[in-house]
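Take a look at the structure below.
Nothing in this text is a laboratory measurement; each read-out follows from the coordinates by a stated rule. Quantities reported herein were computed from a predicted structural model and do not represent experimental measurements. Every residue, glycine as well, gets a Cβ built from its backbone with ideal geometry; the counts of neighbours run over all protein chains shown.
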Amino acid sequence: MVLASPVYFYSIDAQLKAVIDRSVARWTEVKDKEFCYIVTAADGEKEAAATTIACFRGYADCVEGAKEMGVVYGMGTYEKGEVKGTVAMTEAYELGRRA
C-alpha cells in the first residue's frame, strides 16, 4: 500500500484521512501489507513531515503483519508539478521497484 500526502499544517490531508477512517469498517481484513510512504511539503526540512509520517505509521500499526518498505520525501515543493525532476521522483520509482 502506498500512503501519500502533501503536508498540511504538519499532518496528512483530509482526503487521505477520510480514506483511512472509512477503512475502519473492514480494517481487520487488511493484513500482511507492505507500506510505502510519500510526502511532499513546501518546507525544505524533513522534520516538517514528522507528524505526517507518524500518521502513516499509526495506520500501519493497526494492520496485522504490516511491513514498512520506505519513505520518500519531496521537500521544498509547493507549486503544482514542482516535484517533477527532483530526486524524490527517482526515489519513488526505485521504492516501487523494490516493494
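Filtering region 9-41 to residues that are among the β-branched types (V, I, T) and either in contact (Cβ under 8 Å) with a residue 40 or more places away in the chain or out of contact with any Ser or Thr (no Cβ under 9 Å at 6 or more places or on another chain) (or both) leaves I12, V19, I20, V24, T28, I38, T40. Taken over region 53-91, the criterion of being closer than 30 Å to A25 by Cα and either in contact with a Pro (Cβ under 7 Å, 6 or more places away or on another chain) or part of a helix (DSSP H, G or I) (or both) is satisfied by I53, A54, C55, F56, R57, G58, Y59, A60, D61. Scanning region 55-65 for residues that are surrounded by 13 or more Cβ atoms within 10 Å (Cβ to Cβ) and within 14 Å of the chain's Cα centre (by Cα) yields C55, F56, R57, Y59, A60.
Scan region 67-76 and give yes if some residue there is surrounded by 13 or more Cβ atoms within 10 Å (Cβ to Cβ), under 15 Å from the mean Cα position of the chain (by Cα) and among the basic types (K, R), otherwise no. The answer is no; no qualifying residue exists.
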